[in-house]
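Working notes, structure below.
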Amino acid sequence: MKATREVQEKLLALQQLDSDLIQIKHKMSTLPIARQFDEVSKELAAKQDLLVAAQTERDDIKHELSRAEVDVEQVVSRIERDEKRLSSGQGSPKELEQLQHEMGSLGKRRAELEEVELEIMVRIEGVDSRIKELDEECKNLEAQVSDLKAKKEDELSSLESSVKSTTEARAELAPKIDSELLALYEKVRASGDGIGAAKLVGNQCMGCHLTMNAAELTRVKALADDEVVRCEECRRILIRLD
Ligand SMILES: [Zn+2]
């Protein structure tokens, strides 16, 4: 295959654009800011789960408190009823004595129930402060997530515009290369880690980095400038620049 030196140089420039595209796309898929965004998003989701769990726990304890309040109210109303009966002075001395005894027990029961109520209230306070803490942590993480999201989108859009301009440059350059050579380049590139054409520097192919022996180098150097040379080792198109 033949191609002028000028066209071979264009092929090398095309290779550079293709390598740039691979690099930019790799960068886009491995952005540190994107990883950071994912990590903080996960942290936020975990905190939000904890917050929901704490809020559910608070609702449950609130129900417990309502039940405890009802228990206290019931005892209080029995005490009030007994007090009324006692102050009315009606009933036999034995009945009045029983009433006083019952009031004593009810008083103890009331104190116990109020103790329970207080414990529940202390638990609510504990959950409340946990909710407040989690809520603040969530808000803080939400701010971080939205900041990271904006930065990530900025970086991505700048890389996207690099992809766009490189793709445009490629579209402009590719038609200037003979279609047969271009087809060979694409074929080799597809099977050669994205590299279809490489420089020959000294006796080394910059595609596979292997060196050719003296006899091979002499043969290659003796070939006409417009002869398309392939690396014997990696089959890539070798561009001789000197
Ligand atoms: Zn090679």
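The values are calculated or read from the model by the stated rules, or taken from the named source; none is laboratory data. None of the values given here were measured: they were computed from a predicted structure. In this analysis, Cβ positions are derived from the backbone assuming ideal geometry, glycine residues included, and neighbour counts consider all displayed protein chains. Side chains included, ligands, DNA and RNA excluded: accessible areas come from the protein's heavy atoms. Shrake-Rupley method; radii C 1.70, N 1.55, O 1.52, S 1.80 Å.
Rg(Cα) of the chain divided by 2.2 N^0.38 Å?
Values: Rg = 42.0 Å, N = 242, 2.2 N^0.38 = 17.7 Å.
Cα-based Rg divided by the globular estimate yields 2.37.
Cα-Cα over 22 Å: which of Lys176/Lys221; Lys132/Lys152; Lys187/Lys221; Lys27/Lys151? Walk me through the intermediate numbers first.
Numbers: Lys176/Lys221 25 Å; Lys132/Lys152 30 Å; Lys187/Lys221 25 Å; Lys27/Lys151 15 Å.
Long pairs (Cα-Cα over 22 Å): Lys176/Lys221; Lys132/Lys152; Lys187/Lys221.
With a 1.4 Å probe and all protein chains left in place, how much of the accessible area of the chain comes from carbon and sulfur atoms, in whole percent? If you can, show how the numbers build up before the last one.
Values: 7970 of 15510 Å².
Percent of accessible area from carbon and sulfur atoms in the chain: 51.
Taking 2.2 N^0.38 Å as the expected size of a compact globular protein, what ratio does the Cα radius of gyration of region 31-159 give against it, to two decimals?
My calculation over the Cα atoms of region 31-159 gives 2.01.
Leaving out ligands and nucleic acids, note down the accessible area per residue over the chain with a 1.4 angstrom probe, in whole Å².
On the way: 15510 Å² over 242 residues.
About 64 Å² of surface per residue is accessible.
Tell me which lysines have Cα within less than 22 Å of Lys84's Cα, excluding those fewer than 8 residues away on the same chain?
Lys94, Lys108
If pairing requires two Cys Cβ atoms under 4.7 Å apart, which cysteines of the chain are left without a partner?
So, Cys138.
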